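Below: one structure, written as structure tokens.
The values are calculated or read from the model by the stated rules, or taken from the named source; none is laboratory data. Owing to the predicted nature of the structure, the values given are computational and were not obtained by experimental measurement. Don't worry about glycine lacking a Cβ; one is built from the backbone with ideal geometry, like all the others, and counts go over all protein chains shown. These area figures cover heavy atoms from the full protein model, side chains too; ligands, DNA and RNA do not enter into them. Shrake-Rupley method; radii C 1.70, N 1.55, O 1.52, S 1.80 Å.
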Amino acid sequence: MKRLFLGIYLGVVVTVPAYAQLKASSERTLTINETLASDKLQRVGNSVMVPLADVAKALGLSIVKTKTGYALLKDGGANQVEGLRGKLGETLFDGKWRFTVQSVRNETSYSVETKTTTDYAVTSAVAEQDGPKFTPKSGHFLVVFRCEAKNGQTSPQQLWWSQSDVRTALTDDRGQSYPPLITDIASPSFQSKPILPGARLEFNLVFCVPHGTQVQDLVFTLRTILDKGSDVRIALGNPRGELIKRPEGKD
């Protein structure tokens, strides 16, 4: 069979699997494993273009935007979020925001550094509050991420983090996810002050998780109140959870 190259109409090119065939009668359809995958083929010169979404759907894969283009990946279950992926210290750019996790640490308590808004339903379930200080309830510990979000757009933007509108969470190796206890950004309404183009916002993101949790990824939604934005996923390095451990001497 003649080897063909397929791509989305914007020009990102992928190679047709060996078992994919063009239907010779019209050259408008693509079949994969004898199943119609797409009827939207277009010929551009010596190349045949097909929507990448059609190929991904036919193969049971998800499209993930990467630094250099796109990737087709297997779904990873309920906690899998499509979006940019990286690791601690890397800066990820979704075309609008640059996001970096600078560091991560364990704490036995945390005192809020700004006048921020918290979700009482979340905090009261896993932590005790005494003024600005939060202490995890028995059987839990705190994980604190130092993060940076930088406005990569040409106009001022306000980061929005209301938990009902985002997928920000800490995931573990058992498919569980935990919402943030505190997003320590000065705000009375889950929204940052306007961030100028090129300016950055540094903040702490605090989670409270049960002892024995082997954390896997940090997922963070970069969005404004009007723009739904996108998600970034930070791999925490060790699938066995050695990176985040239970604090010594605590129950």
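Return the only residue of Phe134, Phe145 being in contact with a Leu (Cβ under 7 Å, 6 or more places away or on another chain) and under 19 Å from Phe220 (Cα atoms). Walk me through it before giving the result.
Working: Phe134 fails: under 19 Å from Phe220 (Cα atoms).
That would be Phe145, the only listed residue that is in contact with a Leu (Cβ under 7 Å, 6 or more places away or on another chain) and under 19 Å from Phe220 (Cα atoms).
Scan segment 191-221 for residues that are part of a strand (DSSP E or B) and over 26 Å from Ser124 (Cα atoms) and jot them down. If the condition is that a residue be part of a strand (DSSP E or B) and over 26 Å from Ser124 (Cα atoms), then Ile195, Arg200, Leu201 are the ones that fit. The residues in segment 132-154 that are open to solvent by less than 50 Å² (accessible area, probe 1.4 Å) and in a loop (DSSP other than H, G, I, E, B) can be counted, and the count is 3.
Annotation note: of Arg105, Arg174, Arg167, the sole residue that is open to solvent by 50 Å² or more (accessible area, probe 1.4 Å), of a type outside the set (S, T, N, Q) and under 22 Å from Arg200 (Cβ atoms) is Arg105. Across segment 55-89, the number of residues qualifying as surrounded by 16 or more Cβ atoms within 10 Å (Cβ to Cβ) and modelled with pLDDT of 80 or more comes to 5. Test Thr108 against the stated conditions and say whether it is modelled with pLDDT under 95 and under 27 Å from Ile225 (Cα atoms). Against the criterion (modelled with pLDDT under 95 and under 27 Å from Ile225 (Cα atoms)), Thr108 does not qualify. Residues in segment 155-190 that are in a loop (DSSP other than H, G, I, E, B) and of a type in the set (Asp, Glu): Asp165, Asp173.
Being within 17 Å of Phe207 (Cβ to Cβ) and crowded, with 19+ Cβ neighbours inside 10 Å: is that true of Thr100 here?
Details: within 17 Å of Phe207 (Cβ to Cβ): no; crowded, with 19+ Cβ neighbours inside 10 Å: yes.
No; evaluated as a whole, the condition is false for this residue.
Among the numbered conditions (1) in contact with a Cys (Cβ under 8 Å, 6 or more places away or on another chain); (2) at pLDDT below 95, the only one that Leu236 does not meet is (1).
Screening Thr123, Thr118 for residues that are assigned to a loop (DSSP other than H, G, I, E, B), among the hydroxyl-bearing types (Ser, Thr, Tyr) and either out of contact with any Ser or Thr (no Cβ under 7 Å at 6 or more places or on another chain) or surrounded by 14 or more Cβ atoms within 10 Å (Cβ to Cβ) (or both) leaves exactly one candidate, Thr118. Within segment 26-47, the residues that satisfy the criterion of being among the hydrophobic types (A, V, I, L, M, F, W, C) and in contact with a strand residue (DSSP E or B) (Cβ under 6 Å, 6 or more places away or on another chain) are Leu30, Ile32, Ala37, Leu41.
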